[in-house]
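To start, the structure under review is shown below, and the notes come after it.
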Amino acid sequence: MTDIVLDLTLPPSVNITRKVDYWGHQKAENWRKDNDKRLMAAKQNKYRPITGPYEITIHIRRTAMRKDPDNVLKCLLDYCVSRGMVMGDGPNYVEGIHVLWADDLPEQCRVTIRPLST
């Protein structure tokens, strides 16, 4: 099974999306829809779902980050689950999460999901 590689814009902070306010939820929904279109245009929307354990590496363009890097993890992981790339983001699936800075990305962040043999 091959890696899934996604070039995405930076998602909204978990601090915004987890509050009970329409604006935060709408911002997250707009981000999801926008990135669905980006992946389709870049032909990154065709992947074989990863059904077992995996590691996820997130490269973030440092200049795009105005918040703590951990604040974007929840939205990115939830996006991968909601789009059927992986079966879940709990301890039965995620074996490791790596967040790194990178300055040479085509978008604000690159997500690489690497399946692990079971």
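The values are calculated or read from the model by the stated rules, or taken from the named source; none is laboratory data. Predicted, not measured: the structure shown is a model, and the values here were computed from it. So basically every Cβ, Gly included, is an ideal-geometry build from the backbone, and we count neighbours across all protein chains shown.
Give the range 97-115 a look and list any residue that's farther than 19 Å from Asn71 by Cβ and modelled with pLDDT of 95 or more, or say none.
Result: Thr112, Ile113, Arg114, Pro115.
Yes or no, residue by residue, for (1) under 22 Å from Trp31 (Cα atoms); (2) surrounded by 12 or more Cβ atoms within 10 Å (Cβ to Cβ); (3) not acidic (Asp, Glu):
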site	(1), (2), (3)
Tyr54	no, yes, yes
Asn71	yes, yes, yes
Pro91	no, no, yes
Val111	yes, yes, yes
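Of the set (1) more than 19 Å from Val14 (Cβ to Cβ); (2) of a type outside the set (A, V, I, L, M, F, W, C); (3) touching an Asp or Glu at 6+ places or on another chain (Cβ under 8 Å), all apply to His98 but (1).
Of all the numbered requirements in (1) modelled with pLDDT of 90 or more; (2) in contact with a Gly (Cβ under 7 Å, 6 or more places away or on another chain), Thr17 misses one, and that requirement is (1). Pairing residues of the range 50-72 that are free of Cβ contacts under 8 Å to residues at least 40 places away in the same chain with residues that are surrounded by 14 or more Cβ atoms within 10 Å (Cβ to Cβ) and among the β-branched types (Val, Ile, Thr), at Cβ distances under 7 Å and at least 6 apart in sequence or on separate chains, gives Pro69/Ile60; Pro69/Val99.
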